[in-house]
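Report on the structure given below.
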Amino acid sequence: MKKVLIVETNITRYQGTNEPTGLWLGEAAEFVDEMQQAQIAVDYVSPNGGFVPLDPRSMKYTDAATMAVYEDSDFINRALKNTLKPSQVDPDDYTAIYYTGGHGVMWDFPDNPELQAIALAIYQHGGYVTSVCHGIAGLLNIKDQTGQYLIAGKTITGFTATEELIAGKKRIVPFLNRERATAHGAIFSQHRFYREYAITDGQLITGQNPFSARAVARQLIAKLTNLQLKCNK
């Protein structure tokens, strides 16, 4: 089976402030844990490559499984210290791309043409484009070869305005996910705030909030397992 490409942020602070942000650890670590259990290999990429900061608030939401991934030398080296640059990625090596969250992604995911090209290539080859929480920012502006938004007509989810309000970040973020998604033709679905929720629509799999990373992973694993079974027939 081909690998899954995990996308992480390089942003260290909320734009215009001194408040730190970065990757929400669980959104990477929990997804990786599920991939490891399914024996699916992963790689890590960020817009600039190299160092990935952690959102300090995310460290409050760890458990034994999250910490096991966080303390693993491979994760430390490849996911936090030495992520790939987009120019080092061959989309043909991957069957899916997964955009992690943390508020930082709202500044370096939406308008990165290299990451958009990678995601579109994976999608056009029958692979899956997936995200959790703020990671939806990586999907919002992807256009296909006809100029249509990839999310147009698709049911997707991501961090909601209510959740931004509860987190105290509604006035800081550059946009609201639902507003941007619906403006680009998507059907935005959401459930109760801070509860696990993930949805699959065709080749798109999205999760609403930090508590949805494993749900996204499991839905993707189910799709990849079925794909592998078909290939083996």
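Before I look further, what does segment 181-224 give for accessible area per residue, probe 1.4 Å, in whole square angstrom?
On the way: 1810 Å² over 44 residues.
Per-residue value: 41 Å².
Which semi-axis lengths, in whole Å and largest first, follow from the square roots of five times the eigenvalues of the Cα gyration tensor of segment 194-233? Could you put the intermediate results ahead of the total?
On the way: eigenvalues 114, 17, 5 Å².
Over the Cα atoms of segment 194-233, the ellipsoid semi-axes are 24, 9, 5 Å.
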Worksheet, complete the sentence: Connecting every pair of Cα atoms under 10 Å apart in the chain and solving the GNM, the largest mean-square fluctuation among ALA117, ALA167, ALA41 falls on ALA167
Response to the item:
Yeah, segment 67-214 with a ≥ b ≥ c from its alpha-carbon gyration tensor (a/c under 1.5 is rounded, else prolate when a/b outruns b/c, oblate otherwise) is oblate
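Starting from the eigenvalues of the Cα gyration tensor, five times each then square-rooted, give me the equivalent ellipsoid semi-axes of segment 125-174, largest first, whole Å. Present the calculation step by step, with values, prior to reporting the outcome.
Values: eigenvalues 133, 27, 16 Å².
Taking √(5λ) for each Cα gyration eigenvalue gives 26, 12, 9 Å.
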Worksheet, complete the sentence: Note, segment 125-136: 3J(HN,Hα) by Karplus (6.51, -1.76, 1.60, θ = phi - 60°), whole Hz, Gly/Pro = x, goes 8, x, x, 10, 10, 10, 7, 9, 6, 5, x, 4
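About its Cα centre, what dipole magnitude does the chain give when the only charges are +1 on Lys and Arg Cβ and -1 on Asp and Glu Cβ, stated in debye to the nearest 20? Each step should come with its number before you reach the end.
Values: 22 positive and 24 negative charges, 107 e Å.
That gives the chain a dipole magnitude of about 520 debye.
For the chain, what is the percent of antiparallel DSSP beta bridges, rounded to the nearest 5?
Details: 7 of 28 bridges.
That works out to approximately 25 percent antiparallel.
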Worksheet item: Cα extents of segment 166-233 along the three principal axes, largest first, in whole Å?
Response: 52, 26, 18
Item to complete: Write down Rg/Rh for segment 1-47, rounded to two decimals, with Rg from the C-alpha atoms and Rh from the Kirkwood relation over Cα pairs.
Response: 1.11
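Could you put SER73, SER189 in order of accessible surface area, largest first, with the 1.4 Å probe and the full protein assembly present?
Numbers: SER73 90, SER189 25 Å².
Ranked from most to least accessible, the order is SER73, SER189.
Leaving out ligands, DNA and RNA, what percent of the accessible area of the chain is carbon and sulfur, probe 1.4 Å? Mind dumping the intermediate values first?
On the way: 4890 of 10200 Å².
Ligands and nucleic acids excluded, carbon and sulfur reach 48 percent.
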Discussion item. Using a 1.4 angstrom probe on the protein heavy atoms only, could you order THR21, THR155 from most to least accessible area?
Written reply: THR155, THR21
Discussion item. Show me, bin by bin at 5 Å from 0, the whole-percent P(r) of segment 74-121 based on Cα pairs.
Written reply: 4, 17, 25, 29, 20, 4
Fill in: Ordering of 59-69, 103-113 by burial proxy (mean other Cβ atoms within 10 Å per residue, highest first)
103-113, 59-69
Discussion item. If you average the C-alpha positions of segment 77-94 and of segment 99-159 separately, how far apart do those two centres end up, in angstrom?
Written reply: 17
Response to the item:
Summing +1 per Lys or Arg and -1 per Asp or Glu among the other residues with Cβ less than 13 Å from PRO174's Cβ gives 0
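How big is segment 1-93 by the Kirkwood estimate over distinct Cα pairs, in Å? All intermediate terms of the calculation are to be shown ahead of the outcome.
Details: mean 1/r = 0.0730 Å⁻¹.
Every distinct Cα pair counted, the radius reaches 13.7 Å.
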Worksheet item: Which residue, LEU23, LEU115, LEU165, has the most motion in a Gaussian network model of the chain that connects Cα atoms within less than 10 Å?
Response: LEU165
Discussion item. With every protein chain left in place and a probe of 1.4 Å, what is the accessible surface of ARG218, to the nearest 10 Å²?
Written reply: 130
Worksheet item: Which aspartates and glutamates have a Cα lying under 20 Å from the Cα of LYS230, excluding residues fewer than 8 positions away in the same chain?
Response: ASP92, ASP93, ASP201
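The values are calculated or read from the model by the stated rules, or taken from the named source; none is laboratory data. All figures in this text were calculated on a predicted structure; none of them were measured in a lab. Using ideal geometry, Cβ is built from the backbone for each residue, glycine included, and neighbour counts are taken over all protein chains shown. Only protein heavy atoms, including side chains, enter the accessible area calculation; ligands, DNA and RNA are left aside. Shrake-Rupley method; radii C 1.70, N 1.55, O 1.52, S 1.80 Å.
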